[in-house]
1. May I ask you to verify whether Glu48 is of a type in the set (Asp, Glu), assigned to a loop (DSSP other than H, G, I, E, B) and modelled with pLDDT of 90 or more?
2. Could you list, in sequence order, all residues of the stretch 66-91 that are hydrophobic (A, V, I, L, M, F, W, C), surrounded by fewer than 14 Cβ atoms within 10 Å (Cβ to Cβ) and at pLDDT below 85?
3. So which pairs qualify, if the first residue must be in the stretch 1-20 and without any contact (Cβ under 8 Å) to a residue 12 or more places away in the chain, the second must be among the hydrophobic types (A, V, I, L, M, F, W, C) and surrounded by 15 or more Cβ atoms within 10 Å (Cβ to Cβ), the Cβ gap must be under 9 Å, and the two must be at least 6 apart or on different chains?
4. Please go through (1) under 26 Å from Val2 (Cα atoms); (2) modelled with pLDDT under 95 for Ser57 and return the number of the only condition it doesn't satisfy.
5. So, in the stretch 1-20, of the ones that are among the polar types (S, T, N, Q) and part of a strand (DSSP E or B), which residue ends up nearest to the chain's Cα centre (by Cα)?
6. For the stretch 23-53, enumerate the residues that are surrounded by 12 or more Cβ atoms within 10 Å (Cβ to Cβ) and under 13 Å from Glu75 (Cβ atoms).
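The values are calculated or read from the model by the stated rules, or taken from the named source; none is laboratory data. What you are looking at is a predicted structure, and each value in this text was computed from that prediction instead of being measured. Reconstructed Cβ throughout: ideal geometry from the backbone, glycine too, with neighbour counts over all protein chains shown.
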Amino acid sequence: MVCIAKEKAYFHGFSIQDTHLRSDLIEAEVFVDLAVNAVFGTKMDYVEIGSITRKESFYIPGHEWKIYLRPNAPEGILLEMKRNTAEYFGN
């Protein structure tokens, strides 16, 4: 995401999936939405893709990563570069 944000002139937008997933285990690294927020901030302008999750968190039974669905979250997003500004580029 940082590379795409730096080369904004070459990319019109991109889609991101699994923005509705999280895990209780930090080592599972299941936090796609937070990674997007880290680069583009919390006030992104995007189009929701897929269905929206339930109004309450829901754990996926029997999964070793203890994955759950965030409440009221889209399965994915379409992020257009002309409508968003990257706030973090890393070092």
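1. On the way: of a type in the set (Asp, Glu): yes; assigned to a loop (DSSP other than H, G, I, E, B): no; modelled with pLDDT of 90 or more: yes.
Spelling it out, it is not the case that Glu48 is of a type in the set (Asp, Glu), assigned to a loop (DSSP other than H, G, I, E, B) and modelled with pLDDT of 90 or more.
2. Within the stretch 66-91, just Phe89 meets the criteria.
3. Correct list of pairs: Ala9/Met81; Tyr10/Ile4.
4. (1)
5. Within the stretch 1-20, the match that is nearest to the chain's Cα centre (by Cα) is Gln17.
6. Val32, Asp33, Tyr46, Val47, Glu48, Ile49, Gly50, Ile52, Thr53
This table checks each residue for (1) under 26 Å from Thr85 (Cβ atoms); (2) in a helix (DSSP H, G or I).
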site	(1), (2)
Arg22	yes, no
Val36	yes, yes
Glu56	no, no
Pro61	no, no
Glu64	no, no
Asn72	yes, no
